[in-house]
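What follows is a set of notes on a single structure, which appears directly below.
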Amino acid sequence: MPKIKNLPKHEQPREKLIEKGAENLRDAELMAILLRTGIKGKDVMKVSKEILSKYPKKKLLALDYDGISKVKGIGPGKACLLLAAFELTKRALEVEDNNLPTINSAKDAMAQLQELRTAKKEHFVVLYLNARNQLIQKETVSIGTLDSSLVHPREVFKPAIDCLASSIIIAHNHPSGELEASHADIEITKRLIEVGKVVGIKLVDHIIITGSKFVCVSI
């Protein structure tokens, strides 16, 4: 098989893409453009074909950094490039893990917090979301009277860091039925917003829940 540089210019993947459009390239040619270079003793086209032979496209899309960087011919730099390209593709096509609920509003969040409507004590719960607003983890941080000593930022954000969350939604119930945010509610919200800015994890919303209603804390 001739190396890419030895192919006629119009048959080289990049030039072919420019002339004919990406839709007219074979899978291995598209992969070769992303990889850019081969490895010692193997042209990039050969590496591309070997990767696609071992990993069907859907399986490639499912690999994380650790998985894809172990593929022969893909080092750290190429792994990051491929993962970025795959993620953009999945977002453009709205590809989601069907096992993970998507939360785009307070109403969506409420579907995951129904148990707080009937709880007899105050529960402070955190929903951890990935970059596609999918729920990846849910934690009850405290049970009892809501104050700053019970809801410490490290208890809120440590799970977020551990599960690589991009954002969080916090929620707690008012068993009394009072829907208005208390001074403590507002202060905790402000504190967590500021800590979130420091660690790079956005606090999207703070929801207060009673038996039949809910409201978002305004800051």
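Observations on the structure shown:
- Exactly one residue out of GLU115, GLU122 is of a type in the set (D, E, K, R) and either closer than 18 Å to ALA160 by Cβ or surrounded by 13 or more Cβ atoms within 10 Å (Cβ to Cβ) (or both), and it is GLU122.
- Residue check, ILE193 of a type in the set (A, V, I, L, M), within 17 Å of PHE157 (Cα to Cα) and either in contact with a Gly (Cβ under 6 Å, 6 or more places away or on another chain) or surrounded by fewer than 19 Cβ atoms within 10 Å (Cβ to Cβ) (or both): yes
- Qualifying positions in the stretch 100-153 - under 18 Å from ILE201 (Cα atoms) and at pLDDT below 90: ALA131, ARG132, VAL151, HIS152
- Residue under evaluation LEU82, criteria (1) aliphatic (A, V, I, L, M); (2) assigned by TED's automatic domain parsing to the domain that holds HIS172; (3) crowded, with 16+ Cβ neighbours inside 10 Å, criterion not met: (2)
- Qualifying residue in the stretch 44-61 (condition: over 28 Å from GLN134 (Cα atoms), modelled with pLDDT of 80 or more and surrounded by fewer than 12 Cβ atoms within 10 Å (Cβ to Cβ)): yes
- Residue count, the stretch 88-107 (criterion: touching a Leu at 6+ places or on another chain (Cβ under 9 Å) and closer than 27 Å to VAL156 by Cα): 4
- Wholly enclosed helices (runs of 4 or more DSSP H) of the stretch 6-91 bearing at least 1 residues of a type in the set (S, T, N, Q): 44-54, 65-69
- When residues of the stretch 155-206 are limited to those that are among the small types (Gly, Ala, Ser) and in a strand (DSSP E or B), the one nearest to the chain's Cα centre (by Cα): SER167
- When GLN137 is tested against (1) touching a helix residue (DSSP H, G or I) at 6+ places or on another chain (Cβ under 7 Å); (2) in contact (Cβ under 8 Å) with a residue 60 or more places away in the chain; (3) among the polar types (S, T, N, Q), exactly one condition is not met: (2).
- Residue match in the stretch 190-198 (condition: β-branched (Val, Ile, Thr), touching a residue at least 24 places away in the same chain (Cβ under 8 Å) and in contact with a Pro (Cβ under 6 Å, 6 or more places away or on another chain)): yes
- Among all residues of the stretch 112-130, there is none that is in a helix (DSSP H, G or I) and under 27 Å from ASP64 (Cβ atoms).
The values are calculated or read from the model by the stated rules, or taken from the named source; none is laboratory data. Just so we're clear, the structure is a prediction, and the values are computed from it rather than from any experiment. Cβ atoms come from the backbone with ideal geometry, glycine included; neighbour counts cover every protein chain shown.
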